[in-house]
Amino acid sequence: MSSSGREVILGVGGGIAAYKACDLVRRLQDHGFLVTVVPTPASLNFVGTATWEALSGRPVLTQVWEDVPGVAHIQLAHNADFILIAPATADLIARVAQGRADDLLTNVLLASSAPKMMIPAMHPNMWLNPSTVENVVTLRSRGYIVIDPENGRLTGSDIGPGRFPETGRILDEFHQMVGENADFLGRKILVTAGGTREPIDPVRFIGNRSSGRQGYAIAQAGAARGATVHLIAANCDLPDIEGVSITRVETASELETAIGQHFDWCDVFIMCAAVADARPVRQGSEKIKKGALTSIELEPTPDLLAKASRGRKAGQVIVGFAAETQDHIANAETKLREKGADLLYVNDVSGGAIFGSDYTRGTVISKDGTVITVSEGRKETLANVLLDQVQNRLSLPNV
């Protein structure tokens, strides 16, 4: 799994406006983007590496030769979903237009097919110079989005076109390029993932086949759309999602405790984890010999989704999951009513389908009667289908 699906490289050119890009890093992060800063060597005269690393929380390189084994320019180019260059100086624009690759940033630009946007900032005479004008035309013809600078006061007493735009305008232009807004900005989402394991003895347990992939996909999609996300992972062998906090649990009891600690905090609760339906009444402190495993007395585990629904606060949206092997729509409708959820996604897991796979198919059922069939596709796709429905619920009065 990738870390978030909205990886941005912020290239910084060597102009005085470089200091204004510091705010841009923070605002991009607020909108759910993960930002890696790639400054040109000249830009470090204005803002140093330590500042960019502190703001982005990531290592910062400027030269191809700083991480030769990692082949940094290819790795960065491969991971980038978008590249934003701010400020773009006259020199940087000229070098990119010529296809040069004389520092890390220009190497990355040549190696990446990601959408690219430039935010020029320079003296008016430099912006209006025929060479710069021609270079901008060249870059736009190659698919670069080059935003015209603003008119205003620049360094010294000069006034004219060339001023670095305000952060809000840059974000508006960037979102138009990206094609999506951070519609969950300011929202808090609590997601559970994986499957609980209920110990029989120190080496055996009762569990299920849930891998946690769907819950992780939802957490990732929520973060990408601007939400603050906390993930509760039950026995998941998946990498952490950058920008998402996580609590790891094993049993239904631990999952219940973790939900209780975070439930009041969230606006949206998505119960994707599969809880074992039963657990041993007594857990052996030592490994039970094979010959002694003749029977296990069981007790039901708590219904965590129903408990959450009973304790919900006004405005919370609750989403549940169901895995069925027969009569899945009818069973899901019954479960939706009994659990008190707003939405429920059900899939047919006959023959072991869905579990552990990157793909899913099923049906989204809403308590208002809406039914959405989800054809086979990646779990990341379903994550956004569900979040779209959640967003619709959040927009309703008295949800």
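The values are calculated or read from the model by the stated rules, or taken from the named source; none is laboratory data. Note that the structure is a prediction, hence the values are computed from the model and not measured. All Cβ positions, glycine included, derive from the backbone under ideal geometry; neighbour counts span all protein chains shown.
In table form, for the structure just shown:
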{"item": "Residue match in region 280-301 (condition: in contact with a Leu (Cβ under 7 Å, 6 or more places away or on another chain) and either of a type in the set (Gly, Ala, Ser) or assigned to a strand (DSSP E or B) (or both))", "result": "yes"}
{"item": "Check on residue 233, touching a Phe, Trp or Tyr at 6+ places or on another chain (Cβ under 9 Å) and not in a loop (DSSP other than H, G, I, E, B)", "result": "yes"}
{"item": "Test: residue in region 35-42 that is assigned to a helix (DSSP H, G or I), at pLDDT 95 or above and crowded, with 24+ Cβ neighbours inside 10 Å", "result": "no"}
{"item": "Candidates 250, 256 - the one that is at pLDDT 90 or above, under 27 Å from the mean Cα position of the chain (by Cα) and under 22 Å from residue 322 (Cβ atoms)", "result": "256"}
{"item": "Selected residue (criterion: nearest to residue 26 (Cα to Cα)) from residues of region 135-190 that are of a type in the set (A, V, I, L, M) and in a helix (DSSP H, G or I)", "result": "171"}
{"item": "Residue match in region 172-187 (condition: without any contact (Cβ under 8 Å) to a residue 24 or more places away in the chain and more than 30 Å from the chain's Cα centre (by Cα))", "result": "no"}
{"item": "Any hit, region 112-134, residues being in the same structural domain as residue 64 (by TED's automatic domain parsing), under 26 Å from residue 72 (Cβ atoms) and part of a helix (DSSP H, G or I)", "result": "no"}
{"item": "Residue check for residue 67: at pLDDT below 95, more than 31 Å from the chain's Cα centre (by Cα) and either over 19 Å from residue 16 (Cβ atoms) or surrounded by 19 or more Cβ atoms within 10 Å (Cβ to Cβ) (or both)", "result": "no"}
{"item": "Conditions (1) in contact with a Phe, Trp or Tyr (Cβ under 8 Å, 6 or more places away or on another chain); (2) among the β-branched types (Val, Ile, Thr); (3) surrounded by fewer than 17 Cβ atoms within 10 Å (Cβ to Cβ): number failed by residue 119", "result": "(3)"}
{"item": "Unique residue being touching a Ser or Thr at 6+ places or on another chain (Cβ under 9 Å) and surrounded by 20 or more Cβ atoms within 10 Å (Cβ to Cβ) when the list is 84, 92", "result": "92"}
{"item": "Output for region 104-113, where each listed residue is over 22 Å from residue 129 (Cβ atoms) and either surrounded by fewer than 20 Cβ atoms within 10 Å (Cβ to Cβ) or of a type in the set (Ser, Thr, Tyr) (or both)", "result": "110, 111, 112, 113"}
{"item": "Any hit, region 349-362, residues being part of a strand (DSSP E or B), in the same structural domain as residue 199 (by TED's automatic domain parsing), touching a Leu at 6+ places or on another chain (Cβ under 7 Å) and farther than 19 Å from residue 276 by Cα", "result": "yes"}
{"item": "Residue 308, sole failed condition from (1) assigned to a loop (DSSP other than H, G, I, E, B); (2) within 23 Å of residue 385 (Cβ to Cβ); (3) in contact (Cβ under 8 Å) with a residue 12 or more places away in the chain; (4) not polar (S, T, N, Q)", "result": "(1)"}
{"item": "From the options 106, 192, 138, residue that is modelled with pLDDT of 95 or more, over 22 Å from residue 40 (Cβ atoms) and not hydrophobic (A, V, I, L, M, F, W, C)", "result": "192"}
{"item": "Qualifying residue in region 160-170 (condition: surrounded by 14 or more Cβ atoms within 10 Å (Cβ to Cβ) and over 21 Å from residue 18 (Cβ atoms))", "result": "no"}
{"item": "Qualifying positions in region 1-34 - in a helix (DSSP H, G or I) and charged (D, E, K, R)", "result": "20, 23, 26, 27, 30"}
{"item": "Single residue of region 311-343 satisfying the filter (part of a loop (DSSP other than H, G, I, E, B) and within 25 Å of the chain's Cα centre (by Cα)) that is surrounded by the fewest Cβ atoms within 10 Å (Cβ to Cβ)", "result": "315"}
{"item": "Residue within region 125-142 that is in contact with a strand residue (DSSP E or B) (Cβ under 7 Å, 6 or more places away or on another chain) and free of Cβ contacts under 8 Å to residues at least 12 places away in the same chain present", "result": "yes"}
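Every residue, every condition in (1) more than 30 Å from residue 123 (Cα to Cα); (2) surrounded by fewer than 24 Cβ atoms within 10 Å (Cβ to Cβ), yes or no:
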| residue | (1), (2) |
| --- | --- |
| 176 | no, yes |
| 186 | yes, yes |
| 204 | yes, yes |
| 214 | yes, no |
| 222 | yes, no |
| 236 | yes, yes |
| 246 | yes, yes |
